[in-house]
Structures are given as C-alpha cells and as structure tokens.
1. Roll a 1.4 angstrom probe over the protein heavy atoms and tell me the percent of accessible area of the chain that is carbon or sulfur.
2. How would Ile50, Ile151 line up by accessible area, probe 1.4 Å, largest first?
3. If the viscosity is 0.692 mPa s and the temperature 37 °C, what Stokes-Einstein diffusion coefficient in µm²/s follows for the chain when Rh is the Kirkwood radius over Cα pairs?
4. Could you give the alpha-carbon Rg of the range 162-272 over 2.2 N^0.38 Å, rounded to two decimals?
5. If a paramagnetic tag sat 7 Å from the Cα of Val156 along the Cα-Cβ line, which residues of the range 179-216 would have the backbone N under 18 Å from that point?
6. Given a 1.4 angstrom probe, what's the average accessible area per residue across the chain, in square angstrom?
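The values are calculated or read from the model by the stated rules, or taken from the named source; none is laboratory data. This one's a predicted model, so the numbers in the text were calculated from it and none came from an experiment. Using ideal geometry, Cβ is built from the backbone for each residue, glycine included, and neighbour counts are taken over all protein chains shown. Ligands, DNA and RNA are stripped out before the accessible areas are found, and what is left, the full protein with its side chains, is counted by its heavy atoms. Shrake-Rupley method; radii C 1.70, N 1.55, O 1.52, S 1.80 Å.
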Amino acid sequence: MTDEVSFCRGADGVRIAYATSGSGPPLVKAANWMTHLGRDSGSLVWRHWIASLSEGHRLVRYDERGCGLSEWDVPSFGFDDWVLDLEEVVDAAGVDTFPLLGISQGAAVAIAYAVRHPERVERLILVSGYLAGRGARATTAQDRAAAALDIELARVGWGRSDPAFRRVFAMQFFPDGPPQVWDAFDDLQRQTTTADNAVRFLQEFGTVDVRELAGHVDCPTLVLHSREDHRVPFSCAQLAHELIPASRLVPLPSRNHLLSEGEPAWPVLLDEVRAFLG
C-alpha cells in the first residue's frame, strides 16, 4: 500500500507531516506517540492498523510534532499544540466532516477536537485511551512514584544501544507480543524521536486531563479497550464511557495496549469499528 505524504504547518509554524491512504469516505486518526509515516506501513506495530483502516476509507493520519517525519526541534510541546496541529492537518487534507479515531493519548486529543468542532466530527472512536494521564489521575504515593519512574526510564535509557530500558515500554505495550513485535517496537522507539523528546512526551502525557470536556462530546462514541491493558488500565475506558453521553464500551479480550495482528482481539476490534462506521 502506498502512502501519499504531504506537509503542512502548525499554528506556530512547526512542520507537520501527514499521509493519506486508501479511498472512500474520510477517516481521520489523531496522532499518538511512536509513529513514523516513513516506516509504519512496513512495521509489525502499525502495518495491520493502516491496511485495515484504509479499506473502504481515505485514512488521514499524521506524525506528532517532535516525532516521525514531523519537525523534531520544536519550541512548544503542549496538549493545546496537539489539538491545533490536528486542526491544521484536517484543513490541509481538505476534509470537511468525518469520523475521528484516537488511540492511546490520541483519544484525549480527539475528544478535545470533537468538543471544539462538533459540526465536523460525525463519530468518535477511542481505542486504549484515557481522559487523564498517569500524573493527573494519580491518587496515591505509589501512583505518583510509578508515573515518575516512567519518565526516568526514558531519561536514562532511551538513547542507549542496549535495549533493556526501552524493552520495559515494549512489554507494557505488548505483554503478550511475540519477540519480533518487541524488537519492532524497540526499533520504532529509537527511530521516531530523540531521548529528550521522549521525556517531554511522557511529561506532557502525564498532565493530560479532559475529564471536564468528556461530558460535552456531542456525537456517537465507540470506546474500545483491552480488559487487561498493562499500560492504561481498563478503568480509564470505564470512566470515558461513564462521562461521554452517547458512548458504547466494548471490552477486548487482550492484555496488550496496542493490538497485534495475530491476536483474537484484533478481528473483534475491526468488526466493531466497521459496524460503527456503517
């Protein structure tokens, strides 16, 4: 499958890379961490997502600022920047109204965009997402220590040739993944961004909080989440379902944060998404 890669500028002038694939009605994917438009179509981590979502749709996706083919050396790195970048990509791609997909922290970006632009978002799909980041939802000293450790692991180990530190992230994202998926995820971590940006990403992810916005989502919403997700607990999906008015929650039979192609939960997710999009 061939991606058509283009570039646009964020509101502050940062270069953002976006790609389109497939044909048909549009489906827009909000950016999430660990993507690279030049590599994802061949990666064990993302290739099945891209191929399947491009069937019957014109899939629009992009790399976050600081990541992939987008500009890495950026002055501003906040949640509002991510929402503004989505606005610019949608306009540059010439998309009017569309269903919007958010995966992991991209779910919070998708929610914020949908609340700002209810006239454009027809349906919302949230996969493995959360309304509040690890720091924002921490209620105990143990929770706060775990959130801080996440950042310290990236600070110490991201740029090393030894994959031991990065493998911690791989095993959280794919606890049931085969070794070749762990290796692919390790490659993706090294190729998508710098160690400094990885720390900046994790710091910002921890502060994300769209709980007050969730009740203002005004479109049908599908919430999909692995029941035993090791990276983002299933309770985050339950909270999203509770707060988003017209939402439906589908638990997935998996422990993985990002579903791999061969696991039983993958066709379940695809069937649910296709039925939801009609």
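1. For the chain, the apolar C and S fraction of the accessible surface comes to 50 percent.
2. So the residues, ranked largest to smallest area, are Ile151, Ile50.
3. Values: Rh = 18.6 Å.
Answer from the Stokes-Einstein relation: 177 µm²/s.
4. So the Cα radius of gyration is 1.20 times the expected 2.2 N^0.38 Å.
5. Under 18 Å, as judged by backbone N against the label point of Val156, lie 195-196, 198-200, 202-203 of the range 179-216.
6. Per-residue value: 40 Å².
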